[in-house]
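> I'd like to ask some things about the structure below.
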Amino acid sequence: MSVLTRDEAQQRAKLIEVQRYEVHLDLTTGDATFDSRTAIHFTTAADGDTFIELKAETLRSATLDGQPLDPASHTGDRLPLTGLTAGPHELHVDAAMHYSRTGEGMHRFTDPTDGETYLYTQACMDDAQRIYPCFDQPDLKARFAFTVTAPEAWTVLGNGIATEHTPGRWQIAETPPISTYLAAIAAGPYHSIRTEHRGLPFALHCRRSLAPHLEADADELLEVTRACFDRYHEKFDEPYPFDSYDQAFVPEFNAGAMENPGLVTFRDEFVYRSAVTDTERQTRAMVIAHEMAHMWFGDLVTLRWWDDIWLNESFAEYMGYQTTAEATRFTDTWTDFGITRKPWGYDADQRPSTH
């Protein structure tokens, strides 16, 4: 697999601007792969060549401006787009994609408790191309319009409000311009707790086997969410830029949480199954506040390249601790920061690899 370099990303960003992805995912094709059919609308500033990334099981077909591309030209994770002329273009790609069992791309999990299957995406940093073809770099933002075909008993979630138009056929509201690594989908027989705040739909989701535990903590989770949401509106001039706020607690998550716009995913260990300390509850509240800070700093305003991820994360961490202390009952978060996070930073700073 080729690794996109910063120089390549800079050159591609000078050549193209991406307007819109129309992605249809079919999640009913078996437990090994899913179908991904995508239309990408983009423009080029000049004549030239470029490429799009795609990590597929099978590339069935691709057409550029109505002309077929040779699937055999797809090598590694790159599909060349050659002979482009200045102006608008439309690329269509039909592919079968692998499910993941290790957290990258579209992760598939079957709950051993009841046999139910759950899916969710994790696209950061360069795993969006495991879900759909894309110009996979953070500064090439575009609008996303997802449609999803899923088993009829499932719920589908996305970055925008999800609507089931016919049984098993879901449409996700088109997003504002966002980076490829932030486009997200979750699907399965999720247990959901829904409410509204400031005129927007808010919700919590988890697998059904954890429903009693989520129900037991829902009041606290929603109270923290609403309090942080209101505090961020006091801090930032810009209102929340998306149309809903879902928080999904997902199984086998390989990180702590991910700031997908309008669909934040958390490891479902945060749905507590037994008695925990108040410090653990404080940590969970801080993670909620951290990910919410990213809605503005990271999602609305996004790093140009990955060498700025330190600022993206450190600012969200700062906002998370500060806002939790200001807006929730957990007023002692800075003590926790001094005990846990600050030594972590000192440790990293002593290494030869420090920045």
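> Once fully extended, how much extra length lies between THR75 and ASP111, figured as 0.36 nm per residue of separation less the alpha-carbon to alpha-carbon distance?
Using 0.36 nm per residue and subtracting the Cα-Cα distance, I get 9.4 nm.
> Using a probe radius of 1.4 Å on heavy atoms only, what accessible surface per residue do you get for the chain? Whole Å² is fine.
43 Å²
> OK, next. So which residue, out of ASP35, ASP307, ASP26, gets the largest mean-square fluctuation from a GNM of the chain using Cα contacts under 10 Å as springs?
ASP307
> Continuing with this model, one more query. Ratio of segment 1-50's C-alpha Rg to 2.2 N^0.38 Å, to two decimals? Intermediate results must be reported in sequence, preceding the final value.
On the way: Rg = 15.2 Å, N = 50, 2.2 N^0.38 = 9.7 Å.
Normalised Cα radius of gyration, segment 1-50: 1.57.
> What does the C-alpha gyration tensor say about the overall shape of segment 71-153? Classify as rounded when a/c is under 1.5, otherwise prolate if a/b is larger than b/c, or oblate. Working shown, then result.
Details: a/c = 2.28, a/b = 2.11, b/c = 1.08.
Cα axes put segment 71-153 in the prolate bin.
> Tell me the label-point distance for the pair ASP349, ALA39, using the 7 Å Cα-to-Cβ offset, in nm and rounded to one decimal.
If labels sit at ASP349 and ALA39, their model points lie 5.3 nm apart.
> What length, rounded to one decimal in nm, is gained on full extension from ASP308 through to ARG6, with 0.36 nm per residue of separation minus their alpha-carbon distance?
Between ASP308 and ARG6, full extension yields an extra 107.5 nm.
> What does the highest-first list of 240-246, 339-345 look like by mean Cβ count within 10 Å? Present the calculation step by step, with values, prior to reporting the outcome.
Working: 240-246: 19.6, 339-345: 11.3.
Ranking the peptides 240-246, 339-345 by packing returns 240-246, 339-345.
> Could you give the nm distance between label points at VAL301 and LEU200, where each point is 7 Å from its Cα heading toward the beta carbon?
The modelled label-to-label distance comes out at 1.7 nm.
> Continuing with this model, one more query. What does the net charge come to around PHE249 if you take all other residues with beta carbon closer than 14 Å to its beta carbon, with K and R at +1 and D and E at -1?
Around PHE249, the charge tally is -4.
> Quick check on segment 193-336: take the gyration tensor over C-alpha atoms, sort the square-rooted eigenvalues as a ≥ b ≥ c, and tell me if it's rounded (a/c under 1.5), prolate or oblate.
In terms of gyration-tensor shape, rounded.
> Right, another one. Counting only other residues whose beta carbon sits under 15 Å from that of HIS89, what net charge do I get with K and R as +1, D and E as -1?
On the way: positive: ARG12, ARG20; negative: GLU17, GLU22, ASP47, ASP49, ASP65, GLU90.
With Lys, Arg at +1 and Asp, Glu at -1, the neighbours total -4.
> Hand me the trypsin sites (Lys or Arg not before Pro) from segment 57-120 located in a DSSP loop with no more than 15 other Cβ atoms within 10 Å, in residue order please.
Answer by residue number: ARG101.
> Along the charge dipole of segment 192-296, pointing to its positive end and built from +1/-1 on Cβ of Lys, Arg, Asp and Glu, which listed residue (THR195, TYR232, ALA289) has its Cα farthest out?
The listed residue farthest towards the positive side: THR195.
> Counting only helical runs of four or more DSSP H residues, what would the 222 nm mean residue ellipticity of the chain come to if each run contributes -39,500 (n - 2.57) and the total is spread over all its residues?
Result for the chain, helices only: -7500 deg cm²/dmol.
> Classify segment 1-116 as rounded, prolate or oblate, taking a ≥ b ≥ c as the square roots of the eigenvalues of its Cα gyration tensor: rounded when a/c is under 1.5, otherwise prolate if a/b is larger than b/c and oblate if not.
Prolate, since a/c reaches 1.5 and a/b exceeds b/c.
> For the chain, what is the relative contact order in percent, using Cα pairs closer than 8 Å and at least 6 residues apart in sequence? Mind dumping the intermediate values first?
Numbers: 741 pairs, mean separation 44.8, N = 355.
Here the relative contact order equals 13 percent.
> Once the other residues with Cβ under 10 Å from the Cβ of ASP126 are scored (Lys, Arg +1; Asp, Glu -1), what is the net sum?
On the way: positive: LYS55, ARG130; negative: GLU53, ASP77, GLU104, ASP127, ASP136.
That sum, taken over residues with Cβ under 10 Å, equals -3.
> At 1.4 Å probe size, with the rest of the protein present, what percent of the exposed accessible area of the chain is carbon and sulfur atoms?
The computed percentage sits at 51.
> What residues qualify as long-range amide H neighbours of ARG20, i.e. H under 5 Å apart, gap of 5 or more or another chain, H built at 1.01 Å from N?
HIS41, ARG143
> Can you tell me which lysines have their Cα less than 29 Å from the Cα of LYS342? Leave out same-chain residues fewer than eight positions away.
The reachable lysines, counting only those whose Cα sits under 29 Å from LYS342, are LYS235.
> Take the alpha-carbon centre of segment 312-332, take the same for segment 241-283, and report the distance between them in whole Å.
16 Å
The values are calculated or read from the model by the stated rules, or taken from the named source; none is laboratory data. None of the values given here were measured: they were computed from a predicted structure. Quick reminder, even Gly has a Cβ in these numbers, built from the backbone with ideal geometry, and neighbours come from all protein chains shown. The area values use the complete protein model at the heavy-atom level, side chains included, leaving out ligands, DNA and RNA. Shrake-Rupley method; radii C 1.70, N 1.55, O 1.52, S 1.80 Å.
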